[in-house]
Amino acid sequence: MSGSSIWHPFTQHGLEEPAPLVTHAEGAALYTKDGQRVIDAISSWWVTTHGHCHPRIMAAIRRQAEHLDQVIFAGWTHEAAEEVARGLRAILPSELTRVFFSDSGSTSVEVALKMALGYWANRGEERHRIVVMDHSYHGDTIGTMSVGARGVFNAAYAPLLFDVGRVPFPSAPQVTLDALEVECKAGAAAFIVEPLVLGAGGMMMYGPLVLAEMRAICETYGTLFIADEVMTGWGRTGTLLACEQAGVVPDLLCLSKGLTGGAVPLAVTMASEPIWDAHYSTDRARMFFHSSSYTANSIACAAAAENLAIWREEPVMERIGALAARQEQHLTELADHPAVADTRRCGTIAAMELGGEGAAYLSNLGPRLLAHFREAGVLLRPLGNTVYVMPPYCIGEDDLAIVHAAIGSAADAIAAGEFN
Ligand SMILES: *Cc1c(COP(=O)(O)O)cnc(C)c1O
């Protein structure tokens, strides 16, 4: 190590090379101190939507920083936050009437869970159980780990995690729907789900029909439906929200990552009117007890307001459509490779398994792949054997071709036994 004392997230420092130092970024490219240009094929962990350092968002941040940095948000407000709230209301389903700010995807999920339980508590009904889908990911706090998949990454904290109901991933949709119905019938308080794509679970994809049916079951039994669109929101799946493709409007919606275009941290939990109503009162004991110091930070809100303006004024959906089509072409080319299996796509997200069928023995594959991609000047970070490409929408055709060529050459090396 170069003497850095930084403890990096999701990093085993005993195994990994020192972290490359990034000096600046533009569009779909990162530039390192040692002069490398790296194509950011994972949008810096799914946050960057339009591209790095989008001039309009950078300018909005600069403007806001000139006159208001941060102000307490309990009992106070500011124009940037009001603008974001108006912008979200205008672009999202009209049933989602209330906007609660926080500062990360995990927090937006915690807020949604607390709002769901607060709703039932304030109505005087005994409904506490949360239902989740197998393989889902909702964050790394104790609460969000509780509603996510269990495994090596949270085994040490298992004693603190609360019990939830679980339904299987809908590879056999009816099994999932039946399991969900059992939970809802038994009085589940809420069901939380990643619509259409389970991100950290391995870019597992399912169709809008199941999503719509899950929503309908929840509605039948009054179970609140929480859509965690922290990753799937802001166009990733080909529509602004993944829920749109199923004609579904959730009771609670979690947004973060692309909310500021990926420039600065901010999150919102959108709530429907009944959830607001359950907390609205002259009784202080019924208020929503949640805040964080930087709730609705004004600089972050200025970035989000500009992101919303970009969505209104620039041809974002066209860029998304074009990227999705190009991703499909590249996937088709890779699909027949003997070391590539299960190619799949949802909107702009392309994913596949490397190593071919039954390649679980390739336990060293991850680090080999990382090194291979880094050498090729491509930032890809496979989830186990799952390689996925989720670039900023501005990525050029040439850069996208380089990304898929790097995956192709990795597949060649695997097929030739070079990564064993
Ligand atoms: C990334 C992610 C989160 C957590 O967001 P953070 O900002 O990292 O806390 C929650 N849910 C989903 C679906 C995510 O992809």
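What relative contact order, as a whole-number percentage, does the range 57-313 give when Cα pairs under 8 Å and 6 or more residues apart are counted? Let's see the in-between values first.
Values: 475 pairs, mean separation 79.0, N = 257.
Dividing the mean separation by the residue count of the range 57-313 yields 31 percent.
Excluding the site residues themselves, the longest part of the chain lacking any GluC sites (Glu not before Pro) in a DSSP loop with at most 15 other Cβ atoms within 10 Å is 127-356.
Axis of helix 55-67 versus longest Cα principal axis of the chain: the two differ by about 50°, to the nearest ten degrees. Residues whose amide H lies under 5 Å from that of ALA29, counting only those 5 or more places away or on a different chain, are ASP40, HIS52; hydrogens are built 1.01 Å from N in the peptide plane. The order of PHE288, PHE225 by accessible area, most exposed first and with a 1.4 Å probe, is PHE288, PHE225.
Let's test the formula: R0 of 35 Å, r as the Cβ-Cβ distance of THR141 and GLN174. What FRET efficiency results, to the nearest 0.05? Display every interim value, and only then the final one.
Working: r = 33 Å, r/R0 = 0.95.
Here the calculated transfer efficiency is 0.55.
The heavy atoms of PHE191 offer some 0 square angstrom of accessible surface to a 1.4 angstrom probe.
Tell me which lysines have Cα within less than 30 Å of LYS33's Cα, excluding those fewer than 8 residues away on the same chain? Result set, ordered by chain and number: LYS257. For the range 122-129, the Karplus equation 6.51 cos²θ - 1.76 cosθ + 1.60, evaluated at θ = phi - 60°, returns couplings of 5, 8, x, 10, 7, 10, 10, 7 Hz by residue, with Gly and Pro reported as x. Karplus-derived 3J(HN,Hα) values for the range 229-243, using 6.51 cos²θ - 1.76 cosθ + 1.60 with θ = phi - 60°, are 9, 4, 8, 6, x, 6, x, 3, 8, x, 10, 3, 10, 5, 4 Hz; glycine and proline are entered as x.
Restricting the count to DSSP beta bridges whose residues both fall in the chain, what percent are antiparallel, rounded to a multiple of 5? Write out the running numbers ahead of the final one.
Details: 30 of 45 bridges.
Within the chain, antiparallel bridges account for around 65 percent of the total.
Order the following by accessible area, largest value first: THR97, THR48. Probe radius 1.4 Å; ligands, DNA and RNA are ignored.
Numbers: THR97 35, THR48 5 Å².
Order by accessible area, largest first: THR97, THR48.
Note on GLN329 and SER4: with the Förster distance fixed at 41 Å, the Cβ-Cβ geometry gives a FRET efficiency of about 0.50.
Principal-axis analysis of the Cα atoms of the chain puts helix 298-313 at an angle of about 70° to the longest axis. Checking every one of the chymotrypsin sites (Phe, Trp or Tyr not before Pro) in the range 289-359 against DSSP loop status and a limit of 14 other Cβ atoms within 10 Å picks out PHE289.
Can you give the convex hull volume per residue for the Cα atoms of the range 23-97, as a whole number of Å³?
It is 150 Å³ per residue.
Using the Karplus relation 6.51 cos²θ - 1.76 cosθ + 1.60 with θ = phi - 60°, the per-residue 3J(HN,Hα) values for the range 385-394 come to 8, 7, 9, 9, 10, 9, x, x, 5, 8 Hz, with x marking Gly and Pro. The C-alpha atoms of the chain define a longest principal axis, and helix 208-221 lies at about 20 degrees to it. Mean projected area of the Cα convex hull of the chain, taken over all directions, amounts to 21.2 nm².
Which loop-located chymotrypsin sites (Phe, Trp or Tyr not before Pro) does the range 7-48 contain, where loop means any DSSP state but H, G, I, E or B and the Cβ has at most 11 other Cβ atoms within 10 Å?
Working: sites: TRP7, PHE10, TYR31, TRP45, TRP46; in loops: TRP7, PHE10.
In loop regions of the range 7-48 (DSSP not H, G, I, E or B), the sparsely surrounded chymotrypsin sites (Phe, Trp or Tyr not before Pro) are TRP7, PHE10.
The values are calculated or read from the model by the stated rules, or taken from the named source; none is laboratory data. Computed from a predicted model, the values in this text were never measured in an experiment. Here the Cβ is made from the backbone with ideal geometry for all residues, glycine too, and neighbour counts use every protein chain on show. We work out accessible area using only protein heavy atoms, side chains counted, and drop any ligands, DNA or RNA first. Shrake-Rupley method; radii C 1.70, N 1.55, O 1.52, S 1.80 Å.
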